[in-house]
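First comes the structure, then the notes that go with it.
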Amino acid sequence: MNSPRLFSVLLVDDSRFVRSRLRRLLEESDTKCIVMEARTVAEAEKALQSLSPDVVVLDLSLPDGTGFGLLPRIKQAVPQCVVILLTNHEGPAIRKRAMSLGADYYFRKSNEFELVVLVMQRAAESRGS
């Protein structure tokens, strides 16, 4: 009998601090999951090949590209994946573009970290992890 696949999360942000903080908050929430990290678009694309994440937390500004460019590729590779944009960029036009490219959620780094973790917890619970 096959064991159920663990809930998986890919954190894509060039800031080690942001990735570490999200990982820590997720661990503190007792959500059982596999967490992979990527600092660049290239690292994220490689991670997508080895992991079909249930959730991707994605920044818009990356050293070798943008979250806008990566977002459609994530949705193409893993259509059922929940994509959470977590960024310092604000404004209705940016939010509208992110959502039109397939983002499921759009949060600000300045004050919505806890909402990201809440969404990840709910996604894990809905998957039965």
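Which of the residues belonging to region 21-42 are at pLDDT below 95 and small (Gly, Ala, Ser)?
Once the filter is applied, which keeps residues that are at pLDDT below 95 and small (Gly, Ala, Ser), region 21-42 yields only 29.
Under the condition of being over 18 Å from residue 61 (Cβ atoms) and among the basic types (Lys, Arg), which residue from region 97-129 is surrounded by the most Cβ atoms within 10 Å (Cβ to Cβ)?
Here the answer is 127.
Within region 57-93, take every residue that is of a type in the set (D, E, K, R) and not in a loop (DSSP other than H, G, I, E, B) and give me the one that is nearest to residue 104 (Cα to Cα).
75
Would you point out the residue of region 1-60, among those that are of a type in the set (Ser, Thr, Tyr) and in contact (Cβ under 8 Å) with a residue 60 or more places away in the chain, that is surrounded by the fewest Cβ atoms within 10 Å (Cβ to Cβ)?
So, considering only residues that are of a type in the set (Ser, Thr, Tyr) and in contact (Cβ under 8 Å) with a residue 60 or more places away in the chain, the one surrounded by the fewest Cβ atoms within 10 Å (Cβ to Cβ) is 29.
Just one of the numbered conditions (1) surrounded by 13 or more Cβ atoms within 10 Å (Cβ to Cβ); (2) out of contact with any strand residue (DSSP E or B) (no Cβ under 7 Å at 6 or more places or on another chain) is not true of residue 81; which one?
(2)
I'd like to verify a number: residues in region 14-64 that are in contact with a strand residue (DSSP E or B) (Cβ under 6 Å, 6 or more places away or on another chain) and of a type in the set (Gly, Ala, Ser), how many?
Total satisfying the criteria: 3.
The values are calculated or read from the model by the stated rules, or taken from the named source; none is laboratory data. This is a predicted model, so every value here is computed, not measured. Glycine gets a Cβ as well: all are built from the backbone with ideal geometry, and neighbour counts include every protein chain shown.
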